[in-house]
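A.B. asks: The structure follows.
The values are calculated or read from the model by the stated rules, or taken from the named source; none is laboratory data. Just so you know, these numbers come straight off a predicted model, no measurement behind them. Neighbour counts run over all protein chains shown; Cβ positions are idealised from the backbone, glycine included. Each accessible area value is taken on the protein alone, full model and side chains, heavy atoms only, with ligands, DNA and RNA left out. Shrake-Rupley method; radii C 1.70, N 1.55, O 1.52, S 1.80 Å.
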Amino acid sequence: MTDRLSPTAQVASGAMLAPDVAVGHFSVVARGARIGAGCTIGHHVVIHEDVEIGEGVRVDDHAVLGKRPMRAARSATTSGAPDLAPLAIGADSIIGTGAVLYRGCEIGKRVLVADYATVRERVVVGAETIVGRGVAIENDSTVGARCKLETNAYITAFTTVEDDVFVAPGVLTSNDAFMGRTEERKERFGGPTVRQSARLGVGAVLLPGVEVAPEAVVGAGAVLTRGASGGRVHVGVPARETRDVAPEQLRENGG
């Protein structure tokens, strides 16, 4: 296994640690977990059953990997399905202090999941994406490659975020147009869809089912109640189109 295993760490029978893995004090590695070569596991980390960690991953203190979802009796969006795939973390990723990654999510290569962020079940996060401090990505969502989700952004369940999207601090998304009332809501849940290279400003709010087209900008504090047009800036409450995105800011022009 490794000669860098703390004497207070607990590694279950059936866990597989590749060469040159360091495991800190009071960390727990459950049966079936697989940790790639060159990984560094901090102190008081909990790695649940069957978690797959690629090479060169750093996991900071008090992180919890592979947690199974909880389901309240009245939950409309959370499934306690027992058949969730194991959590998989791609090579060279960094998982911050206190982060919680659920069973059934997939983290790409070279992803940063910062301190106290949460990534729920059936979520895919693409390569080289930054999931900032305190960000919550709820179940059944997809986040593309090279995205930046900054501090305390909230990605609601059933949301799609495509590649190269910028999400500023404090952005909020929603998926329930009925605000918890009527059975109809259970069949009509749907988070926003944010297309490639779109940008969401500080504190922007996206209502259920809205689509933000490629290269659109939703300004700080705006409330998006309907779709945002590609390459256009949208501001206000409710948000309205105001102008084109500056040409030098477009990806096709090197922005």
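A.B. asks: Restricting the search to region 143-180, which residues are part of a strand (DSSP E or B) and either on the phi > 0 side of the Ramachandran plot or not aromatic (Phe, Trp, Tyr) (or both)? Break it down into steps so the answer makes sense when it comes.
C.D. replies: Just the residues of region 143-180 that are part of a strand (DSSP E or B), to begin with: 143, 148-149, 154-155, 160-161, 166-167, 172-173.
If the condition is that a residue be part of a strand (DSSP E or B) and either on the phi > 0 side of the Ramachandran plot or not aromatic (Phe, Trp, Tyr) (or both), then Val143, Lys148, Leu149, Ile155, Thr160, Val161, Val167, Leu172, Thr173 are the ones that fit.
A.B. asks: Test Ser229 against the stated conditions and say whether it is farther than 18 Å from Arg251 by Cα, open to solvent by less than 50 Å² (accessible area, probe 1.4 Å) and of a type outside the set (A, V, I, L, M, F, W, C).
C.D. replies: So Ser229 fails the test.
A.B. asks: Have a look at Gly144, Gly90 and point out the one that is farther than 22 Å from Ala37 by Cα, open to solvent by less than 30 Å² (accessible area, probe 1.4 Å) and either modelled with pLDDT of 95 or more or in contact with a Phe, Trp or Tyr (Cβ under 8 Å, 6 or more places away or on another chain) (or both). It would help to see each step written out before you state the result.
C.D. replies: Details: Gly90 fails: farther than 22 Å from Ala37 by Cα.
Of the residues listed, the single one that is farther than 22 Å from Ala37 by Cα, open to solvent by less than 30 Å² (accessible area, probe 1.4 Å) and either modelled with pLDDT of 95 or more or in contact with a Phe, Trp or Tyr (Cβ under 8 Å, 6 or more places away or on another chain) (or both) is Gly144.
Matching residues to (1) part of a loop (DSSP other than H, G, I, E, B); (2) surrounded by 13 or more Cβ atoms within 10 Å (Cβ to Cβ):
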| site | (1), (2) |
| --- | --- |
| Phe189 | yes, yes |
| Pro208 | yes, yes |
| Glu215 | yes, yes |
| Ala220 | yes, yes |
| Val237 | yes, no |
| Glu241 | no, yes |
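A.B. asks: Condition first: under 18 Å from the mean Cα position of the chain (by Cα), under 12 Å from Leu224 (Cβ atoms) and not acidic (Asp, Glu). Can you find one or more residues in region 176-191 that meet it? Don't jump to the end; show me each part of the working.
C.D. replies: Filtering region 176-191 down to residues under 18 Å from the mean Cα position of the chain (by Cα) leaves 190-191.
Narrowing further to those that are under 12 Å from Leu224 (Cβ atoms): none.
Within region 176-191 (the criterion being under 18 Å from the mean Cα position of the chain (by Cα), under 12 Å from Leu224 (Cβ atoms) and not acidic (Asp, Glu)), the answer is no, since none of the residues qualifies.
A.B. asks: A further question on this structure: Looking at the structure I just gave you, is Ala168 over 28 Å from Leu112 (Cα atoms), crowded, with 19+ Cβ neighbours inside 10 Å and not polar (S, T, N, Q)?
C.D. replies: no
A.B. asks: Kindly check whether there is at least one residue in region 98-118 that is over 30 Å from Phe189 (Cα atoms), open to solvent by less than 30 Å² (accessible area, probe 1.4 Å), at pLDDT 95 or above and out of contact with any helix residue (DSSP H, G or I) (no Cβ under 9 Å at 6 or more places or on another chain).
C.D. replies: no
A.B. asks: Which of the residues spanning region 58-77 are over 16 Å from Asp115 (Cβ atoms) and within 20 Å of the chain's Cα centre (by Cα)? Steps first, answer last, please.
C.D. replies: Start the filter on region 58-77 by keeping residues that are over 16 Å from Asp115 (Cβ atoms), which leaves 66-77.
If the condition is that a residue be over 16 Å from Asp115 (Cβ atoms) and within 20 Å of the chain's Cα centre (by Cα), then Gly66, Lys67, Arg68, Pro69, Met70, Arg71, Thr77 are the ones that fit.
A.B. asks: Taking region 119-141 only, how many residues are surrounded by 23 or more Cβ atoms within 10 Å (Cβ to Cβ) and either aliphatic (A, V, I, L, M) or part of a strand (DSSP E or B) (or both)?
C.D. replies: Result for region 119-141: 6.
A.B. asks: Within region 245-255, does at least one residue satisfy the condition of being of a type outside the set (Val, Ile, Thr), buried (at least 18 other Cβ atoms within 10 Å of the Cβ) and part of a loop (DSSP other than H, G, I, E, B)?
C.D. replies: From region 245-255, those of a type outside the set (Val, Ile, Thr) are 246-255; that's our starting set.
Filter again for buried (at least 18 other Cβ atoms within 10 Å of the Cβ), leaving none.
No, region 245-255 has no match at all.
A.B. asks: Taking region 16-42 as the region of interest, how many residues are in a loop (DSSP other than H, G, I, E, B) and either touching a helix residue (DSSP H, G or I) at 6+ places or on another chain (Cβ under 9 Å) or under 21 Å from Asp92 (Cβ atoms) (or both)?
C.D. replies: Residues that pass the stated criteria total 12.
A.B. asks: Follow-up. Is it true that Arg185 is part of a loop (DSSP other than H, G, I, E, B) and farther than 16 Å from Val167 by Cα?
C.D. replies: Working: part of a loop (DSSP other than H, G, I, E, B): no; farther than 16 Å from Val167 by Cα: yes.
Taking the combined requirement at face value, the residue does not satisfy it.
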